[in-house]
Amino acid sequence: MSQDGKRTGAEILWDVLHREGVDIVFGYPGGAIMPAYDAMLASKVKHVLVRHEQGAAHMADGYARASGRVGVCVATSGPGATNLVTGIATAMLDSIPMVCVTGQVASQFIGSDAFQETDITGVTLPITKHNYLVTRVEDIAPMLRQAFYVARSGRPGPVLVDITKDAQQASAPFVWDDSPVRLPGYRPEHGIRPEDVKTAAEMIDAAERPILFCGHGIIASGASQLLREFVEKTGIPVASTLLGLGGFPATHPLNLGMMGMHGEAWVNQAIQEADLIIALGMRFDDRVTGKLATYAKHAKKIHCELDPAEINKNVRVDLPIVGDVAETLGALLPAVARRDRRLWVQAITGMKGDSAVRDIQTMPHSGRLFAAHVMHDLWRITEGKALVVTDVGQHQMWEAQYYKHDFPRKLITSGGLGTMGFALPAAIGAKFACPQEEVWVIVGDGGFQMTAAELSTCAQEGLKVNVAVINNGYLGMVRQWQQFFYGGRYAATPLRSPDFVKLAEAHGLLGLRVTEREQIADAVAKARAYKETVVIDFRVEQEDSVYPMVAAGADLHDMIRRPSPIVETAADE
Amino acid sequence: MSKATLRTFIAYVEDLPGVLNRVTSLFRRRNYNIVSLTVGRTERPGVSRMTVVLEADEDNARRIEANLYKLVNVLFVEDTTTTATMVRELALVKVRADPSNRGEVMRLCDVFRARVVDVGPEALVAEITGAGDKIDGLVDVLRPFGILEMVRTGAVAMVRSSEVTESGIPRSSTPPSATTPPTSPTTPPGVIKAA
Ligand SMILES: Cc1ncc(C[n+]2csc(CCOP(=O)(O)OP(=O)(O)O)c2C)c(N)n1
Ligand SMILES: [Mg+2]
């Protein structure tokens, strides 16, 4: 602090971050953010130098998803800021609390197309929960405090704070104001109405074929335990969205599994036959519903959701309960009757038929390697306890199907935006958030190459994550669509990759290769024992497809099944 | 789905740079078509008021309201479609009128209670205030004479004084500079039970 008690905007920035509980930021320097970086040297907040700003945004995102705290990334103006965009949009669609700090050209140059000037508040307007352009040093602290408050309250989301270089350099008296942030137009909380709880309880008690939907909101609101109690009291089975996986234990007898496009066939069928859906913290995404006109026609719908704008958006519901899902479940739990719904659960089990069996054991036992083998063995070896971060594509769906998550915040994946390149950087953020966790990255050969440069960040930080590259030589998910819907014409999906083992070695890290199922256990054991980041190149079956599948826009119960016959076996339980 | 109709929303927003852009960007992004939008100051410093007319069915209307509330700078939203509301718009119409038919044009203006505010040798300018359909009516009858130029402000709306207790910004939640805590309405904004 200078003699007159004033602090520079840059110093204030780090002070506020520290006071907001930030212990780590992910970033990349440049001209317009240099004052902030200079002041950083005197700050307690740790900085991780990324290799691309997209990585910084995904790291902040992964940090937030793993910890439940606000993730923070930092970038310079212009190209630094625009490189964040994909990461911000990813966080927006999955409601992740994040604060992005960007440098901006000095305020007198704004609007002049100055060097590295981009209107980043304009660019990010539709992909942030809110954003700020800060041009005066006095506004840095209050606007940052608002940013953290907005990011973490209500339905969380990313907030961007763009700070001009002159505001970082100027000085002002700094007094920390820790009174609650007040924003007159911002109403993040909604009290649930007792009469709605009563109506819901009556509907639930009266239902013969009810299903609970576990969405991301269960994890975000920390309602897993409540959900479990609710399920055990009411005997109602649970289906999960992709982002809801882990919100309810996968190995629980009343867990059905994932719903939607690559959900279990019997789960989708059960939804179509249900007489009541109790949707908890989810938004009826098109990947979950299939064709709306035929979706869950027999079911009354109770929609418990924090964001009123999600009500009746895709699916018309009979009873919306707007509020925190944990609070709603807490109110519902004493209001519902204890019931046995074994008949309904048995009926669903009956729907499993031959589709029930995961086809691992039925895959040709030629020694060849299928991605399902990798997921299944990894699940077994890590006892289902690893923190798994997946990228986007076939491997993401296989992971969701074969790695059974029993705990919340143990699966991190880009659901809403489906961002390739997400996994490695998000895993780095997650590992910094939870250093004691065993972190596995499951990534395709395509997605890995989008952000593989962050291996270098792992090496520089001495950070250990385990990277399982599911290398099928294709942009597999797109290839699958081409096979199913475009006459097998593989336009721009065959993919040649570098030697991933050598790539790891080039970073001074360990690289391993697995080409047969028998080698999985050994490679995984080696990776787990190694102190630093390890890359395993799993050379899997090239033209395998994810089954079952609801084609985009098709009826939810109209699923494409694996063409090969499947025989019953309990070996994957 | 219920039928789409023209709906009028009043939104009170913080008078800050970029807020208008946030609101219009929301409508664009959510694919709502704005028929008209006006914005101006209110009796309260720091608070602007928007009148937005757009086509929407009941479900969409509730979601528009809810989405508006998600904007941090939006203070209060009112869908006036079913309340007793006065809607006014102002138009200036420059119509061809020479000495031979000027009298006729002026008589027609008179019927619509439009004021002739400027007269030239070849044209005159009529000013009309009223609901949108009244203005449409005048425009229709003037069109055969040749409309040279027209400008309309777009609708502004105000709930009638008989409903004064139910409209306007709730006194407890604004203005932005005030130290009152944010209110938590017992009824979440923008949500209605399905019929
Ligand atoms: C950034 C980005 N670009 C394009 C896509 C479209 N896309 C979805 S899955 C996929 C293929 C992914 O290939 P790969 O990473 O090898 O995984 P695989 O499906 O083979 O497991 C593509 C291109 C995307 N989701 N994200
Ligand atoms: Mg691939």
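The values are calculated or read from the model by the stated rules, or taken from the named source; none is laboratory data. Bear in mind the structure is a predicted one, so any value in this text is a computation, not a measurement. Note that we place each Cβ from the backbone using ideal geometry, even for glycine, and neighbour counts take in every protein chain shown. Ligands, DNA and RNA are stripped out before the accessible areas are found, and what is left, the full protein with its side chains, is counted by its heavy atoms. Shrake-Rupley method; radii C 1.70, N 1.55, O 1.52, S 1.80 Å.
Provide a list, ordered by number, of residues in region A:166-209 showing at least 20 Å² less accessible area with every protein chain present than when their chain is taken on its own, using a 1.4 Å probe.
A:182, A:183, A:184, A:185, A:186, A:187, A:189, A:190, A:191, A:193
Buried by at least 30 Å² relative to the chain on its own: which residues of region A:100-142 qualify, computing accessible area with a 1.4 Å probe on protein heavy atoms?
In region A:100-142, residues shielded by partner chains: A:125, A:126, A:130.
Only four residue types carry charge here, +1 at the Cβ of Lys and Arg and -1 at the Cβ of Asp and Glu. Report the dipole size of region A:6-173 about the Cα centre in Debye, rounded to the nearest 20. Each step should come with its number before you reach the end.
On the way: 14 positive and 15 negative charges, 113 e Å.
With only Lys, Arg, Asp and Glu charged at Cβ, the dipole is about 540 debye.
Apply the a/c threshold of 1.5 to the C-alpha gyration tensor of region B:50-172 and tell me whether it is rounded, prolate or oblate.
Prolate is the answer for region B:50-172, as a/c is 1.5 or above and a/b outweighs b/c.
Give the cross-link partners of residue B:134 among the aspartates and glutamates, using a straight C-alpha distance below 13 Å as the criterion and excluding same-chain residues fewer than 8 apart.
In chain and number order, the partners are B:89, B:110.
Tell me the carbon and sulfur percent of the accessible area for region A:356-560, rounded to whole percent, probe radius 1.4 Å.
52 percent
Among B:148, B:137, B:123, whose Cα lies farthest out toward the positive end of the dipole of region B:86-152, if unit charges sit on the beta carbon of Lys, Arg (+1) and Asp, Glu (-1)?
Selected residue: B:137.
Find the sum over both chains of the accessible area lost when A and B are paired, probe 1.4 Å, and report it in Å² to the nearest 100.
2900 Å²
Along the charge dipole of chain A, pointing to its positive end and built from +1/-1 on Cβ of Lys, Arg, Asp and Glu, which listed residue (A:249, A:428, A:284) has its Cα farthest out?
Positive-end residue among those listed: A:249.
Does region A:120-184 come out rounded, prolate or oblate by the C-alpha gyration tensor, with a ≥ b ≥ c the root eigenvalues, rounded set by a/c under 1.5 and, if not, prolate when a/b is larger than b/c and oblate if not?
Oblate, since a/c reaches 1.5 and b/c is not below a/b.
I want the antiparallel fraction of DSSP beta bridges within the protein assembly as shown, as a percent rounded to 5.
Within the protein assembly as shown, antiparallel bridges account for around 45 percent of the total.
Pull out a ≥ b ≥ c, the square roots of the eigenvalues of the alpha-carbon gyration tensor of region A:194-350, then state rounded if a/c is under 1.5, prolate if not and a/b is larger than b/c, and oblate in the remaining case. Kindly include the intermediate steps, with their values, before the conclusion.
Numbers: a/c = 1.23, a/b = 1.06, b/c = 1.16.
Cα axes put region A:194-350 in the rounded bin.
Compute the projected area of the convex hull of the Cα atoms of region B:5-84, averaged over all viewing directions, and report it in nm² to one decimal place.
Averaged projected area of region B:5-84's Cα convex hull equals 5.0 nm².
Once the cut-off is 44 Å, how many percent of the Cα-Cα pairs in the protein assembly as shown end up in the long-distance tail?
Result: 34 percent of Cα pairs exceed 44 Å.
Under 27 Å Cα-Cα from residue A:46, which lysines qualify once same-chain neighbours fewer than 8 residues away are excluded?
A:6, A:129, A:165, A:410, A:431, A:464, A:531
Check cross-link reach from residue A:297 to the lysines: straight Cα distance under 23 Å, and skip same-chain residues fewer than eight apart.
A:313, A:352, B:3, B:193
For region B:5-84, give the percent of accessible area contributed by carbon and sulfur heavy atoms, probe 1.4 Å, rounded to a whole number.
Within region B:5-84, the accessible surface is 48 percent carbon and sulfur.
With every protein chain left in place, what is the accessible area per residue of the protein assembly as shown in square angstrom, probe 1.4 Å?
Per residue, the protein assembly as shown has an accessible area of 40 Å².
Do any residues of region B:48-94 lose at least 40 Å² of accessible area when the full set of protein chains is present rather than just their chain alone, and if so which, with a 1.4 Å probe?
Checking the loss per residue gives B:59, B:63, B:70, B:72.
Treat every Asp and Glu Cβ in the protein assembly as shown as -1 and every Lys and Arg Cβ as +1, leave all other atoms uncharged, and give the resulting dipole magnitude about the Cα centre to the nearest 20 debye.
That gives the protein assembly as shown a dipole magnitude of about 460 debye.
Using unit Cβ charges (K, R positive; D, E negative) and no other charged atoms, how large, in debye to the nearest 20, is the dipole of region B:86-152 about its Cα centre?
120 debye
Using the charge dipole of region A:356-560 (Lys, Arg: +1 at Cβ; Asp, Glu: -1 at Cβ; taken about the Cα centre), state which of A:459, A:449, A:417 has its Cα farthest towards the positive end.
Towards the positive end, the residue furthest out is A:459.
Give the long-range amide H neighbours of residue A:209: residues separated by 5 or more places, or on another chain, with amide H under 5 Å away, using H modelled in the peptide plane at 1.01 Å from N.
Those qualifying (amide H under 5 Å, at least 5 residues apart or on another chain) are A:275, A:276.
Using a 1.4 angstrom probe on heavy atoms only, work out the carbon and sulfur share of the accessible area of region A:6-173 in %.
54 percent
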